[in-house]
Amino acid sequence: MLEVREVTKSFGTGDRTVTAVNNVTMAVPDGEFAAIVGRSGSGKSTLMNLLGALERPTSGMIFVDGQDITRLGQGELVQYRRRSIGFVFQSYNLIPNLSSIENVMLPMEFAGVGKGERRRRARGLLDQVELTGDKQHRKPGKLSGGEQQRVAIARALANSPRLILADEPVGNLDTRTSATIIELLRSLAHTQGTTVIAVTHDLSLTDRADRVFRLRDGRLQAADGAGPAPSAAGADARERGR
Amino acid sequence: MSIFGRGIRNAFRNVTRTVSIAAILGLVTGLAFVMLVAHRAVGEKASTALSSVGNTVTVGPAGYSAGGLLGQFLTSAELAPIARLHGVTGVDESLNGQLKASDLPPSSARGTGKGSLPPITSKSPNVSRSKTSGSGSSGSSPNELGSTTLKYPGTEAFATQGLACEPQPCTPPINYYTIYVAGSTEPAAAVNIGASRLTVVSGHAISGTSSADDVMISTEMAQKNGLKVGSAFTAYGTTLTVAAIFTSDTQQGNDTVITSLPLLQHLIGTDDVFTATVTASSLTDLAKVTSEIEHVLGPKASVVSYVSDAEQAVSSLGNVQSIALDSLVGALVAAVVILFLVMVMIVRERKREIGIQKAIGTPNGPIMAQFATEALTFTLLGLVVGAVIGIIAASPVTSSLVSHSGVSSDTGARGLFGAGSPVLTNLTSINAQVGWPVIVECLAAAVVVAAGASAAASWLISRVRPAEVLRSV
């Protein structure tokens with residue numbers, strides 16, 4: 001369960017203060033595929049950074065499975081990101097000098113997973129996102145955008161996180177590939193119990209989301225329960241995955 | 001792939017850039033390499049030159065240092081206070097004599113300048129004790145050859161080698177078949193017979209303070225005369241016993257009968273001492289000891305030390321060493337600056353990657369280690385290039401530095417009789433070779449350079465905030 005309570009994030013820019021996220025309160029149950037929508041500058045990315053422990057809120061609390069991550073120390077935050085969060089970015093952000101499988105193995109390296117196990121799991125995750133064969137050994141530059149995003153999703157899943165945060169995951173992809181990636185994320189949420197929160201402009205994604213949060217000027221306007229409620233099976237699957 | 005593997009792979013990510021960095025670092029490292037080799041080689045040469053001079057001073061009669069004799073010979077009694085001076089660890093007094101060999105050469109070979117003299121070194125001069133010396137000593141003077149039953153040990157081939165003597169025949173006529181006698185308080189010291197090595201091969205070395213009629217002769221002389229330890233022969237009208245047989249590395253040494261100082265003084269009938277070699281406790285004490293000896297003996301003695309001349313001679317080498325050290329430090333600083341700028345550029349270029357790694361939970365330490373590995377890889381590549389440059393250029397550059405520094409190839413003290421000191425010759429002949437110690441020092445320096453450059457990179461890495469980096473994506 002992800003719970004955000006009265007979170008505010010302000011930045012000082014010169015002599016004035018900008019409040020990017022203003023008193024946001026929201027909750028996303030485990031195994032749900034949620035979307036955050038809003039115009040550019042509405043505070044979506046800042047909210048994502050707060051959820052991903054990349055930034056600390058100015059005020060408010062963020063609970064992940066009952067733990068307030070705003071109170072974690074710097075080292076604990078790194079560990080939290082490593083074990084509990086998976087990031088998927090619009091521009092994939094893979095390490096260009098590493099092959100697909102090495103990119104997926106990277107987060108596991110510091111989670112205490114042995115080298116053989118890292119490779120085995122990475123291969124399995126890439127198979128899961130349907131990137132098979134020699135493509136697993138290609139560097140990102142030799143893959144299409146959709147394939148790179150699959151690698152990014154596999155990397156995000158590497159340490160079996162509670163939460164996947166996807167920032168415009170289909171922003172750079174064609175319609176067909178977008179649909180595939182959206183289904184992949186939705187499937188992960190529902191079959192493995194991983195909570196997926198995606199920031200997007202894409203209507204095809206919001207249409208498939210279980211819940212949609214609308215941000216405007218840093219404030220949460222509405223939370224639409226557009227999709228079906230998270231399945232019990234998804235939550236069970238997630239428990240089995242741990 | 002491990003952190004270090006990624007660091008090494010990243011170093012070769014852009015081959016053109018890597019080659020450029022290796023080339024630039026190689027040039028700088030090569031300069032450092034060459035300067036390190038030059039610094040060590042020149043330092044070793046200077047140290048060897050100074051230590052070769054030894055921590056000794058030679059005390060002789062007035063005028064001795066200029067190659068003449070302006071006063072009286074010194075006596076053991078006059079030299080006695082020297083042994084009590086602070087910083088003096090030993091005094092080796094010596095006196096030289098000559099003997100006429102019993103088998104004189106054919107008259108046609110004598111005094112014609114066709115033969116050759118046994119080499120005479122400054123340490124064992126065949127000095128005439130002329131009437132004008134003013135010596136008050138009684139008895140026969142050393143230049144008047146004593147008689148002996150000994151045969152000259154040299155070979156015929158040696159005696160017929162060319163003689164550099166102009167005009168010929170040499171004046172005064174030279175006796176080719178002189179046997180030298182060296183009496184000293186340290187009979188086993190090679191320097192007293194003009195040699196650098198003296199090894200007793202049979203019997204036991206005689207005591208330098210004993211008055212017994214025991215002597216040491218060379219293997220050559222023993223063979224020529226059919227003598228062995230315990231045999232006797234006559235010299236100065238006295239029967240002398242062979243107590244030991246030795247070998248030396250010079251013909252003059254092998255032509256010398258070694259006695260104790262009291263025995264030779266007794267045989268010649270004098271209490272004179274020709275020279276005394278005073279040993280100081282250390283090289284640093286030498287100047288003080290020299291000064292005190294001069295104070296004790298006054299103008300009647302000539303005190304000779306090569307040290308000041310040696311120090312003057314090697315001062316130019318010291319300048320070369322300073323230049324080499326300055327250049328070495330400069331090259332290392334340049335290497336750090338170059339690598340620092342390279343790493344700053346690389347970190348800035350890969351800021352996004354660093355942000356991503358941080359975002360997915362990689363701690364700062366491993367990221368820093370990865371970049372430090374990359375910096376070390378660049379440094380080691382530069383070191384390889386620099387080592388090649390160093391191996392090729394070290395010797396010629398060192399020679400060039402030395403030859404342009406004012407060090408003369410025959411620089412040295414005037415020494416005795418105006419001769420150059422043998423230990424200070426060939427100062428420009430420096431063996432500047434790249435050895436393992438240099439390579440190990442360069443490796444250590446490479447690690448320091450990489451660490452210095454990585455420190456800056458690490459500081460930049462620690463300041464990368466993933467949220468800012470990802471926001472700008």
Checklist entry - If only one of A:Gly146, A:Gly133 is more than 19 Å from the chain's Cα centre (by Cα) and modelled with pLDDT under 90, which one is it? => result A:Gly133
Next on the checklist: Quick test of your reading of the structure: A:Arg81 fulfils all but one of (1) under 19 Å from A:Leu205 (Cβ atoms); (2) crowded, with 22+ Cβ neighbours inside 10 Å; (3) among the basic types (Lys, Arg). Name the failing condition by number.
Outcome noted: (1)
Checklist entry - So B:Leu325 clears everything in (1) farther than 30 Å from B:Thr29 by Cβ; (2) assigned to a helix (DSSP H, G or I); (3) hydrophobic (A, V, I, L, M, F, W, C) except one condition, right? Which one? => result (1)
Item to check | Matching option when the condition is within 13 Å of another protein chain (Cβ to nearest Cβ), more than 20 Å from A:Leu47 (Cα to Cα) and among the acidic types (Asp, Glu), among A:Glu109, A:Glu130, A:Glu117 | outcome: A:Glu109
Item to check | Lone unmet requirement of (1) within 48 Å of the chain's Cα centre (by Cα); (2) closer than 21 Å to B:Val449 by Cα for B:Asn319 | outcome: (2)
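Can you confirm whether A:Gly124 is surrounded by 23 or more Cβ atoms within 10 Å (Cβ to Cβ) and either of a type in the set (Lys, Arg) or closer than 19 Å to A:Leu188 by Cα (or both)? If you could, list the steps in order and put the result at the bottom.
On the way: surrounded by 23 or more Cβ atoms within 10 Å (Cβ to Cβ): no; either of a type in the set (Lys, Arg) or closer than 19 Å to A:Leu188 by Cα (or both): yes.
Answer is no for this residue.
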Checklist entry - Within region A:78-97, which residues are touching a helix residue (DSSP H, G or I) at 6+ places or on another chain (Cβ under 7 Å) and either more than 7 Å from every other protein chain (Cβ to nearest Cβ) or more than 23 Å from A:Gln148 (Cα to Cα) (or both)? => result A:Tyr80, A:Gly86, A:Val88, A:Tyr92, A:Leu94, A:Pro96
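Among the listed residues B:Leu36, B:Leu25, which satisfies the condition of being touching a Phe, Trp or Tyr at 6+ places or on another chain (Cβ under 9 Å), at pLDDT 85 or above and either within 14 Å of chain A (Cβ to nearest Cβ) or part of a helix (DSSP H, G or I) (or both)? Please lay out each step first, then the result.
On the way: B:Leu36 fails: touching a Phe, Trp or Tyr at 6+ places or on another chain (Cβ under 9 Å).
Testing whether each residue is touching a Phe, Trp or Tyr at 6+ places or on another chain (Cβ under 9 Å), at pLDDT 85 or above and either within 14 Å of chain A (Cβ to nearest Cβ) or part of a helix (DSSP H, G or I) (or both) leaves just B:Leu25.
Kindly establish whether A:Ala152 is small (Gly, Ala, Ser) and within 11 Å of chain B (Cβ to nearest Cβ). Lay out the reasoning, then the answer.
On the way: small (Gly, Ala, Ser): yes; within 11 Å of chain B (Cβ to nearest Cβ): yes.
Against the criterion (small (Gly, Ala, Ser) and within 11 Å of chain B (Cβ to nearest Cβ)), A:Ala152 qualifies.
Working carefully through the options A:Arg120, A:Arg82, find the one that is among the charged types (D, E, K, R) and over 23 Å from A:Gly52 (Cβ atoms).
Details: A:Arg82 fails: over 23 Å from A:Gly52 (Cβ atoms).
Going through A:Arg120, A:Arg82 in turn, just one is among the charged types (D, E, K, R) and over 23 Å from A:Gly52 (Cβ atoms): A:Arg120.
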Checklist entry - What about A:Leu94, is it surrounded by 21 or more Cβ atoms within 10 Å (Cβ to Cβ) and under 27 Å from B:Glu353 (Cβ atoms)? => result yes
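The values are calculated or read from the model by the stated rules, or taken from the named source; none is laboratory data. Bear in mind that the values here come from a model prediction, so they are computed numbers and not experimental data. Neighbour counts are summed over all protein chains in view; Cβ atoms, including those assigned to glycine, are modelled from backbone coordinates with ideal geometry.
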